[in-house]
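**Q** Let me give you the structure first, and then I'll get to my questions.
The numbers here are math on the coordinates, done by the rules we state, and not lab data. Just so we're clear, the structure is a prediction, and the values are computed from it rather than from any experiment. Cβ placement follows ideal geometry from the backbone for every residue including glycine, while neighbour counts extend to all protein chains displayed.
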Amino acid sequence: MKFGIIKERKNPPDRRVVFSPKKLQEFKEKFPKATIVVESSDIRVFSDNQYKEVGIEVTKNMSDCDVLFGVKEVPIDALLPHKKYFFFSHTIKKQPYNRGLLNAILDKHIELYDHETIIKENGARLIGFGRYAGIVGAYNGFRAIGLKNESFSLPKAATLDSQKELIKELNKIEVPNLKILLSGNGKVAYGAKEMLDAMNIDRISVEDYLSKSFDTPVYCLVDVLDYNKRKDGKVINNQDFYENPEAYKSDFMRFAKVTDFFIAGHFYGNGAPYLYTREDAKSTDFNIKFVADISCDVDGPVASTLRASTIAEPIYGYDPKTASEVDYKNENVVVVMAVDNLPCELPKDASEGFGEMFLENVIPSFFNDDKDGVLERAKMTENGKLTERFLYLQDYIDGKE
């Protein structure tokens, strides 16, 4: 079987790649029957020569590959028919801007495996860039604080080489006496937690966070049952919340009263209560001054996230009184960082980590008859049709939704 790493062609350019040279070398050693080639690219964070140095062939012709690995959507005119493709297609939530892409994949009889559909039997994601979104998101949040207060200056994450360099820069600054709230219990939240811990900011309990004052910066990590409660007053478990989100209401305002800096690293499921609404943000009890919204659900559960920001212009202001975007330098605004492609700012580390997960959780399935069903669960299209698990997309590709 011949595997190919394709060139990223989407704009703005993305320098990440599924496998670094080091991980491709491991791939070859673990599975010597595999043939691996890399498409030449002048964008990728690793140069063509770095792949050649570890014995990987670099070529401009990918037509004889069986399986092709990319990161972002492949432009329609670059899709090779009758191939197996792995990339983030951004179609599984019926995103209207990619309907044409999914139709082209079907027309070209391509087998599509979206990175988001590579899951365990219980539905948990096996691969992703979430940890790196958390790492960069936390860094960018502190950078926003320095820019707003004009108290310290951090370089843009994209100008630094690695997580180690981000941590080095953070440890040069004097962090003000902040109460920091971090939401989530997955890779995103724990990526952000790595950064807070590396800065030696003390983690405290929910009870202490809500009831005590501190003379040093502290943070509190909260999960869904900390900031949501059942309408009937019962306390059950996280699974009940996931299965019956409509039975819950937000209890986030008790945190908003005492929080200076909110890092949103949670996953938001359809039907769950919003963390805070525009009305909540107007309350005199609402104390949050800075939000690093890594989850970045626009016009949704975090009311101050009016839009995704960009790597070039990562910060904007939210005026709670008018529920509108303003200059982040204005007084009495919430400073918002809501970049939706944060791992792009740390392409080397993100690529290394992604390849490690891919090599462990996906590649063995090509050589063990997919004994764990990883490929079967992930396959979205086959022989010009949607597979059974993804038939819910039929109306979407027909243009009826």
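**Q** Determine the percent antiparallel among the DSSP beta bridges restricted to the chain, to the nearest 5. Mind showing how you got there, number by number?
**A** Values: 14 of 51 bridges.
Antiparallel: roughly 25 percent of the beta bridges in the chain.
**Q** Counting pairs on different chains as well as pairs 8 or more places apart, how many Lys pairs in region 42-128 have Cα atoms under 28 Å apart?
**A** Final tally of qualifying lysine pairs is 26.
**Q** Note down the net charge around A198, summing +1 for each Lys or Arg and -1 for each Asp or Glu among other residues with Cβ under 15 Å from its Cβ. Mind dumping the intermediate values first?
**A** Values: positive: R131, K164, K168, K172, K193, R203; negative: E165, E169, E194, D197, D202, D349.
So the environment of A198 carries a net charge of 0.
**Q** While we're looking at this one, here's another question. Could you give me the ³J(HN,Hα) list for region 212-225, computed from phi with Karplus coefficients 6.51, -1.76, 1.60 and θ = phi - 60°, whole Hz, x at Gly and Pro?
**A** Coupling constants for region 212-225: 10, 9, 9, 9, 9, x, 9, 9, 10, 9, 10, 10, 4, 7 Hz.
**Q** Here's a follow-up. I need to check one value: relative contact order of the chain, counting alpha carbon pairs closer than 8 Å and at least 6 residues apart, in percent.
**A** Details: 787 pairs, mean separation 73.9, N = 401.
Averaging sequence separation for qualifying contacts and normalising by length gives 18 percent for the chain.
**Q** Run down the aspartates and glutamates and flag those whose C-alpha is under 13 Å from the C-alpha of K257, throwing out any fewer than 8 positions away in its chain.
**A** Counting by Cα, and skipping residues close in sequence, K257 has these aspartates and glutamates nearby: D280, D285.
**Q** Let me ask something additional. Quick one: which of 257-267, 327-337, 12-22 comes out on top by average Cβ neighbours within 10 Å, and what's the full order, highest first?
**A** On the way: 257-267: 22.9, 327-337: 17.1, 12-22: 21.2.
Answer by packing, highest mean first, reads 257-267, 12-22, 327-337.
**Q** Relative contact order, percent, of region 217-366 when contacts are C-alpha pairs under 8 Å separated by at least 6 residues? Working shown, then result.
**A** Values: 232 pairs, mean separation 24.8, N = 150.
Reported as a whole number, the value is 17 percent.
**Q** May I pose another question? Would you mind pulling out the separation of the Cα centroids of region 52-113 and region 185-203, in Å?
**A** 34 Å
**Q** As I understand it, the dipole of region 130-345 uses +1 on the Cβ of Lys and Arg and -1 on the Cβ of Asp and Glu, about the Cα centre. Which of Y248, L147, S309 lies farthest toward its positive end?
**A** Y248
**Q** Quick check on region 171-236: take the gyration tensor over C-alpha atoms, sort the square-rooted eigenvalues as a ≥ b ≥ c, and tell me if it's rounded (a/c under 1.5), prolate or oblate. Walk me through the numbers on the way to the answer.
**A** Numbers: a/c = 3.64, a/b = 1.65, b/c = 2.21.
In terms of gyration-tensor shape, oblate.
**Q** Taking amide H atoms as placed 1.01 Å from N in the peptide plane, list the residues 5 or more away in sequence, or in a different chain, whose amide H sits under 5 Å from that of K257.
**A** Here the answer is N287, since their amide H atoms fall under 5 Å of that of K257.
**Q** Which of the lysines could a cross-linker bridge to K172, judged by Cα under 20 Å and excluding same-chain residues fewer than eight apart?
**A** Of all the lysines, those that pass the test against K172 - Cα under 20 Å, at least 8 places apart if same chain - are K148, K156, K164, K193.
**Q** Separate question: Starting from the Cα of L80, step 7 Å along the direction of its Cβ; do the same at E313; then give the gap between the two resulting points in nm.
**A** It is 4.0 nm.
**Q** Going by Cα centres, region 347-401 and region 153-179 are how many Å apart?
**A** Using only Cα atoms to place each centre, the spacing works out to 36 Å.
**Q** For a test of the definition: using alpha carbon positions, the gyration tensor, and the 1.5 limit on a/c, classify region 324-401 as rounded, prolate or oblate. Please list the in-between numbers first.
**A** Details: a/c = 4.37, a/b = 1.55, b/c = 2.81.
Judged from the Cα gyration tensor, region 324-401 comes out oblate (a/c at least 1.5, b/c at or above a/b).
**Q** Additional query: How large is ³J(HN,Hα), in whole Hz, for each residue of region 249-263 in order, when computed from phi with the Karplus curve 6.51 cos²θ - 1.76 cosθ + 1.60 and θ = phi - 60°, using x for Gly and Pro?
**A** Result, rounded to whole Hz: 10, 5, 10, 6, 4, 5, 7, 4, 5, 10, 9, 9, 9, 10, 9.
**Q** Let me ask something additional. Using a cut-off of 9 Å between beta-carbons, work out the net charge of the residues near K2 (Lys and Arg +1, Asp and Glu -1, K2 not included).
**A** Numbers: positive: none; negative: D64, D66.
Here the charged neighbours net out to -2.
**Q** Related question: Around L275, what is the net charge, scoring Lys/Arg as +1 and Asp/Glu as -1 over all other residues with Cβ under 14 Å from its Cβ?
**A** Working: positive: K229, K249, R254, K257, R278; negative: D223, D226, D251, E279, D280, D293, D297, D299.
My count for the surroundings of L275 gives -3.
**Q** Quick one: compute the contact order of region 130-345, relative version, from alpha carbon pairs under 8 angstrom and 6+ residues apart, as a percent. Working shown, then result.
**A** Working: 437 pairs, mean separation 46.6, N = 216.
Computed value for region 130-345: 22 percent relative contact order.
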